[in-house]
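The structure appears below as structure tokens.
Any read-out appearing in this document is the output of simple, stated calculations on the displayed coordinates, not a laboratory observation. None of the values given here were measured: they were computed from a predicted structure. Virtual Cβ from ideal backbone geometry, glycine too; neighbours counted across all protein chains shown.
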Amino acid sequence: MIRQVDKSRFNIPMSSHPDRHRELMWYATEDDAVLGVVILDLVDKDYSWAALTQSDQAAGYTTADMGQSPLPTEDDATAALHDAMRSISGKS
């Protein structure tokens, strides 16, 4: 199961380009092993996503997969993100 979460619960740095990208929604698998975020490109007005897994190098999470723009709607980006999160976690 994938659920919406508050990013502040996890060790995740802020976006390096807050004037260009906005993090819209954060998600996690039941065990918090895989996190995901839907991102709005404020310049191009399209969507992308990133899936993260716990880092084996340091505390926190690292990017495991990304869906590049352009995804035309937030729903498209969310569906693609959830598919990727299920794939990474090994759950269909």
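Quick grid of which residues meet (1) in contact (Cβ under 8 Å) with a residue 24 or more places away in the chain; (2) farther than 12 Å from Ala77 by Cα:
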residue: Val5; (1), (2): yes, yes
residue: His17; (1), (2): no, yes
residue: His21; (1), (2): no, yes
residue: Leu24; (1), (2): yes, no
residue: Val34; (1), (2): yes, yes
residue: Leu40; (1), (2): yes, no
residue: Asp44; (1), (2): yes, yes
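Out of the residues in segment 10-48 that are part of a loop (DSSP other than H, G, I, E, B) and in contact with an Asp or Glu (Cβ under 8 Å, 6 or more places away or on another chain), which is surrounded by the most Cβ atoms within 10 Å (Cβ to Cβ)?
Phe10
Please name all residue pairs, on different chains or six or more residues apart, with Cβ atoms under 8 Å, provided the first residue is in segment 49-69 and is surrounded by 19 or more Cβ atoms within 10 Å (Cβ to Cβ) and the second residue is assigned to a loop (DSSP other than H, G, I, E, B).
Listed pairs, sorted by first residue: Leu52/Ile12; Tyr61/Phe10; Tyr61/Asn11; Tyr61/Ile12; Tyr61/Ser55.
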